[in-house]
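The values are calculated or read from the model by the stated rules, or taken from the named source; none is laboratory data. What you see is a predicted model, and the numbers here were worked out from it, not measured in a lab. All Cβ positions, glycine included, derive from the backbone under ideal geometry; neighbour counts span all protein chains shown. These accessible areas exclude ligands, DNA and RNA; they are computed on the full protein's heavy atoms, side chains included. Shrake-Rupley method; radii C 1.70, N 1.55, O 1.52, S 1.80 Å.
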Amino acid sequence: MRLKTAEKSNPFHFPLRVRILFLRMHRPRSRPLTSILLALLAAAQCGCATEPPAPAVITAGDYAYANTLLDWLVEHTLLNGRVPGCAVAVATADKIVFQKTYGVREAGTNQPVTAATLFRAGSITKTLTALAVMHLAEQGRIDIDRPFADYVPDFRIKSDFKNAPPITVRMLLSHRSGLFSDYLGGIMGEKRLTQKELLDALGNQYLCFPPGRVFQYSNTGYGLLGILIERVTGVSYAEYMEREIFTPLGMTHSLLTEPPADAADLAAGHMPDPKTVVDGSDSQESPVPFLQIRDLPAGALLTDITDLTRYLQFLLADKQHGKSGIVSQRTFSEMQRVQFPESDSAFLATDYGLGLMRHVIRYQGVNDVVGHSGNVNGFYALLAWSPSLGIGIVLLTNSAAGYLPGYTVVSRALRAYGEARTGSRIPPTLPVPATPVTPDPAAYAELSGRYAVLGLTLEVRLRGDSLYVVQPELNRELMLSPCGNDRFTPVFMALGLFPVDIASFAGFDALTVSFQRREGQVRSLTVEAVPGEAVIRLVFVRENAAAMTGNGPEEALQTHLGRYRIVAGSRDREAIGLYFPTEEFELKVTDGRLFLGTVGLATNIGIYLVPVAADRALLAGTHESVLFTDRGIELLGLKAERR
């Protein structure tokens, strides 16, 4: 039996931290040709903001040009946009080369950012959590290749994967556990879940992937690592981190708990109204309340530029012969090594070690840039360094809008500082010029199909000699201009005649679409975006069309079609206000596919579901489970009742 078809709607993925940022950055906007021409004209008239010229000769140890460039990049890339304030520093293991603060702690005030201003550093916290776990491993108190449940026996989770290996500590550290990104119920605010409540709740959830097989970035996984630290040490995660990590590093101002009520130098986070994210309007970010998150080890670090610079210097220090302590050089090298290199990726794709990202920033001859970004409730932070260059950079901003310009600032500045430290030119590798090739429609047929991530679906269609990527419900499409080797540049056809590269309109220096194969079959589509000299990769997994048609669970789930509202009085009320454009949703059938969409917005959006049981469906692409009961539906702890 084929699912009945309801009226069409628009694809939506639930707006969690990074996800709502993706929705904002990548939502294709239908701009008339006049708007495009005006934008190009405005860009051409910005000659007054000329980038400082590079010196003809580079002298080792002369940071004058690099300092000038970094200052210019911050002023014209970050503060010229939506970021009210930031702090940035550059250091070697034994010297602070540059440190400066900019702007204000909160928009609409005259309170300046200072070196003591506390910012939320988001997922940079994961690097410290991983450091603590490896510190315990060196002491012989943790074996990272043992099952996590050996240390936390009350951890349970359901699985569809027979004969799959158990989740190990290494898998949690490297985001290969098979867990979802976030358990949403009680994720932040005053009524966030306790550890016991979280462990009990996870027992009713399902893995998304077999452990060890797929890179799926997981804040929940790092929350579990905090529980591991507590079980092994017998003290709270925050207490252990204060004693064993912060104090030895000299991070005397950093916190993993909520700031004291009388904290005088605290930055406010800034975010847009989620409704403006959905409709694509360019509203200014506004200050948002400080909501503590549940998974402290994943993103709770509250720090200032002075402390974060000290941490950067520890990361750059010689751990074999120096006095940095905490972990040996051998252990630290293992943390930087890419884990499970043959694994696939879901959603965000990056080379990842044990708490550290690799190869996001790339230069010719420099392949060892390591670091981590952080994005939490209106803050964005970035930490990056190169062991071979012996220098690194840290950035703290008080706006979610710091994401793309932050990568531009850090990636371009780090190369300039690397040149100044070594006295040698370091050619950039990004963005890679796109060289058009002759279309090959015969080879394009196997690329056609549906690709999904977080329930958001794109269709790739062959029309004539050209490929198009389409969002049919939004009536939007981009032509894919071939560059060879299954790589394409997405272009907008102005007036249906003139191809226009959309990268600059999306805030990138380059934007490409590529297709990946495994065992001779096309398995995924990757959108690769380049801000500055960094690369961000978003993976869409090819859908199995057969899973979307037929009898069985699809027929049973039709009894759940209808409207739903997020449970009133929920402990998630604060998070919903920050991230959700509406509290009302409708489960229906669109084009023969199960679809959960918003209701009552100017632009209604939604996610596609793949039925797998009479009471369960999966988000297309990333396989988070949606559970159905007589009273309502549940997605990772967020509950909605039938109206």
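What to note about this one:
- Residues within the stretch 618-636 that are closer than 22 Å to GLY186 by Cα and open to solvent by less than 10 Å² (accessible area, probe 1.4 Å), tallied: 7
- Screening ARG120 with (1) within 22 Å of LEU636 (Cα to Cα); (2) under 21 Å from the mean Cα position of the chain (by Cα); (3) of a type in the set (D, E, K, R) gives one miss only, at (1).
- Out of THR257, THR252, one residue alone is closer than 24 Å to GLU574 by Cα and of a type in the set (Val, Ile, Thr). It is THR257.
- Check on GLY496, closer than 28 Å to ASP591 by Cβ, open to solvent by 20 Å² or more (accessible area, probe 1.4 Å) and either at pLDDT 90 or above or of a type in the set (Ser, Thr, Tyr) (or both): no
- Per-region count, the stretch 347-361, residues buried (at least 19 other Cβ atoms within 10 Å of the Cβ), over 20 Å from LEU128 (Cβ atoms) and not β-branched (Val, Ile, Thr): 3
- Scan of the stretch 459-468 for residues that are surrounded by fewer than 22 Cβ atoms within 10 Å (Cβ to Cβ) and in a strand (DSSP E or B), ordered by number: GLU459, ARG461, LEU462, ARG463, SER466, TYR468
- Test: residue in the stretch 439-457 that is under 24 Å from the mean Cα position of the chain (by Cα), open to solvent by less than 40 Å² (accessible area, probe 1.4 Å), within 20 Å of ARG523 (Cβ to Cβ) and polar (S, T, N, Q): yes
- With respect to being free of Cβ contacts under 8 Å to residues at least 60 places away in the same chain and either under 25 Å from PRO55 (Cβ atoms) or β-branched (Val, Ile, Thr) (or both), VAL437 fits the description.
- Hits in the stretch 413-438 (condition: open to solvent by less than 60 Å² (accessible area, probe 1.4 Å) and among the basic types (Lys, Arg)): ARG415
- From GLY186, GLY226, GLY221, residue being assigned to a loop (DSSP other than H, G, I, E, B), in contact (Cβ under 8 Å) with a residue 24 or more places away in the chain, buried (at least 18 other Cβ atoms within 10 Å of the Cβ) and under 26 Å from the mean Cα position of the chain (by Cα): GLY186
- Restricting attention to the stretch 229-259, the residues being surrounded by 17 or more Cβ atoms within 10 Å (Cβ to Cβ), part of a loop (DSSP other than H, G, I, E, B) and in contact (Cβ under 8 Å) with a residue 60 or more places away in the chain number 3.
Rundown of residues vs (1) closer than 20 Å to GLN195 by Cα; (2) aliphatic (A, V, I, L, M); (3) part of a loop (DSSP other than H, G, I, E, B), yes/no style:
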| residue | (1), (2), (3) |
| --- | --- |
| ALA115 | no, yes, yes |
| ALA121 | no, yes, no |
| PHE155 | yes, no, yes |
| ASP160 | no, no, yes |
| ASN163 | no, no, yes |
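- Failed item, numbered, when GLY108 is tested on (1) surrounded by 17 or more Cβ atoms within 10 Å (Cβ to Cβ); (2) modelled with pLDDT under 95: (1)
- Search result, residues across the stretch 569-593 that are farther than 13 Å from LEU638 by Cβ and more than 23 Å from the chain's Cα centre (by Cα): GLY569, GLU584, GLU586, LEU587, LYS588, VAL589, THR590, ASP591, GLY592, ARG593
- Residues that are touching a residue at least 24 places away in the same chain (Cβ under 8 Å), within 22 Å of VAL539 (Cα to Cα) and either among the acidic types (Asp, Glu) or touching a Pro at 6+ places or on another chain (Cβ under 7 Å) (or both) occur in the stretch 586-599; there is at least one.
- Of the strands (runs of 3 or more DSSP E) entirely within the stretch 557-630, those holding at least 2 residues that are touching a Ser or Thr at 6+ places or on another chain (Cβ under 8 Å) occupy 584-590, 593-598, 606-613, 616-619.
- Filter result for the condition that a residue is buried (at least 23 other Cβ atoms within 10 Å of the Cβ) and more than 22 Å from THR331 (Cβ to Cβ), over ASP262, ASP273, ASP295: ASP295
- Whichever residue in the stretch 61-82 is at pLDDT below 95 and buried (at least 16 other Cβ atoms within 10 Å of the Cβ) and, among such residues, is farthest from the chain's Cα centre (by Cα): HIS76
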